[in-house]
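Scroll down for the structure; my scribbles are underneath it.
The values are calculated or read from the model by the stated rules, or taken from the named source; none is laboratory data. The structure presented is a predicted model; accordingly, all values stated were derived computationally and were not measured. Here the Cβ positions follow ideal geometry from the backbone for every residue, glycine too, while neighbour counts run over all protein chains shown.
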Amino acid sequence: MFNFKKKQEEEPQDIGEVLEKLKQIEQENKEIREELIEMKKREKLYLKKPGVVRFNPFPGEGGNQSFSIAFVDQEKNGVVVTNFYTKDGNRIYGKPVEKGSSEYALSKEEKKAIEG
């Protein structure tokens, strides 16, 4: 039927073959280590789980239909978007975020969304 056994590699026959195999393993480990370092560098640029905060900025109107949502990476760089809901309509604002802060004033809800 099926033969799921791994293909057997031949055992080294002498010290020269053992040393050659060891060099091969060291080279593979070096390549893996370098790739891991690169992956860790790129990981910092990936967006983390978006932080969402719902709130009611105008008591007595609507409910918690306004929200702030932050799309930031591990370094807290990205953007925060806030939607204010009123009975007359919606207002949407976007603010750039760098290292957890912005050149524009951030509300407490926006700060909370950035923190995730």
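The table below lists the values:
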quantity: Among residues of the range 11-54, those that are at pLDDT below 85, in contact with an Asp or Glu (Cβ under 9 Å, 6 or more places away or on another chain) and either more than 30 Å from residue 109 (Cβ to Cβ) or assigned to a loop (DSSP other than H, G, I, E, B) (or both), counted; calculated: 6
quantity: First in the range 23-52 and under 23 Å from residue 114 (Cβ atoms), second anywhere and hydroxyl-bearing (Ser, Thr, Tyr) and surrounded by 10 or more Cβ atoms within 10 Å (Cβ to Cβ), Cβ under 9 Å, 6 or more apart; calculated: 51/68; 52/68
quantity: Residue check for residue 99: modelled with pLDDT of 90 or more, exposed (fewer than 15 other Cβ atoms within 10 Å of the Cβ) and under 30 Å from residue 39 (Cα atoms); calculated: yes
quantity: Selected residue (criterion: farthest from residue 46 (Cα to Cα)) from residues of the range 56-96 that are modelled with pLDDT of 85 or more and assigned to a loop (DSSP other than H, G, I, E, B); calculated: 56
